[in-house]
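Below is one structure; the comments refer to it alone.
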Amino acid sequence: MESDVVVGKHVYANLYDIDEHIADDEELLKKTVIEAAKLANAKIHEIKSWKISGKKGGVSVIALIVESHIAIHTWTQYRYATVDIYTCGEKTDPWKALEYIIKVIKPKHYSVYYADRSMIK
């Protein structure tokens, strides 16, 4: 039987009661994703961000990393954000990326989830 192989680690979170200025700051959130990728030992292939104005507006930042992706989506009015980090391989650590994102966004509370995509037998 072949030994277990690490394929991927998927961490995602809901961030509540965040500062509206942070939720609406596209440049800050983009820089946050770039630094989070470095801390996770992931290599950014391409990064895109955009700001949606209006009542249900917010910011989205998506980094395609060689190892998969990192995404943040905010809803300014609701003071809410979602974070999705999926990395492949044994050398990356999505938990380090998430810890950094939480440190920058500073939610009053949050929930974190992990999808087990890490083993092939």
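The values are calculated or read from the model by the stated rules, or taken from the named source; none is laboratory data. Owing to the predicted nature of the structure, the values given are computational and were not obtained by experimental measurement. Protein only, heavy atoms only, side chains kept; ligands, DNA and RNA dropped before computing areas. Shrake-Rupley method; radii C 1.70, N 1.55, O 1.52, S 1.80 Å.
Based on a Kirkwood Rh over C-alpha pairs, give the Stokes-Einstein translational diffusion coefficient of segment 54-112 at 4 °C and viscosity 1.567 mPa s in µm²/s. Spell out each step's value before the answer.
Numbers: Rh = 12.5 Å.
For these conditions, the coefficient is 104 µm²/s.
Run the accessible area of segment 76-121 with a 1.4 Å probe and give the carbon-and-sulfur part as a rounded percent. Of the solvent-accessible surface of segment 76-121, carbon and sulfur hold 53 percent.
Stokes-Einstein diffusion coefficient for segment 81-121 at 37 °C in a medium of 0.692 mPa s, Rh from the Kirkwood formula over Cα pairs: what value in µm²/s? Intermediate values should be presented prior to the final figure.
On the way: Rh = 11.8 Å.
D = 279 µm²/s.
Keeping all protein chains in place, calculate the accessible area per residue for segment 9-69 (probe 1.4 angstrom), answer in Å².
On the way: 3340 Å² over 61 residues.
Roughly 55 Å² per residue, with all protein chains present.
Within the assembled protein chains, the solvent-accessible surface assigned to Trp50 is about 100 Å², based on a 1.4 Å probe.
In deg cm²/dmol and to the nearest 500, what is the mean residue ellipticity at 222 nm of the chain if only DSSP H runs of at least 4 residues count, each as -39500 (n - 2.57), divided by the residue total?
Numbers: 3 runs with 30 residues, N = 121.
Per the formula, -7500 deg cm²/dmol.
Scan (i) 1.12; (ii) 0.96; (iii) 1.02 for the value of Rg/Rh (Cα atoms, Kirkwood Rh) calculated from this model and give just the label. Answer label, from the structure shown: (iii).
Full extension of the chain between Tyr114 and Ser49 gives 20.9 nm of extra length, using 0.36 nm per residue less the Cα-Cα distance.
Just need the relative contact order of the chain here, percent rounded to a whole number, with Cα pairs under 8 Å and 6+ apart.
Working: 291 pairs, mean separation 51.1, N = 121.
That works out to 42 percent.
Rounded to the nearest 10 degrees, what's the angle between the helix 26-39 long axis and the longest principal axis of the chain, both from Cα atoms, 0 to 90? It is inclined by approximately 20 degrees.
Which whole-number value in Å² is the accessible area per residue of segment 79-121, probe 1.4 Å?
Values: 2690 Å² over 43 residues.
Dividing the accessible area of segment 79-121 by its residue count gives 63 Å².
When Glu90, Glu67, Glu46 are compared by accessible area of protein heavy atoms, the largest-first order is Glu90, Glu46, Glu67, using a 1.4 Å probe.
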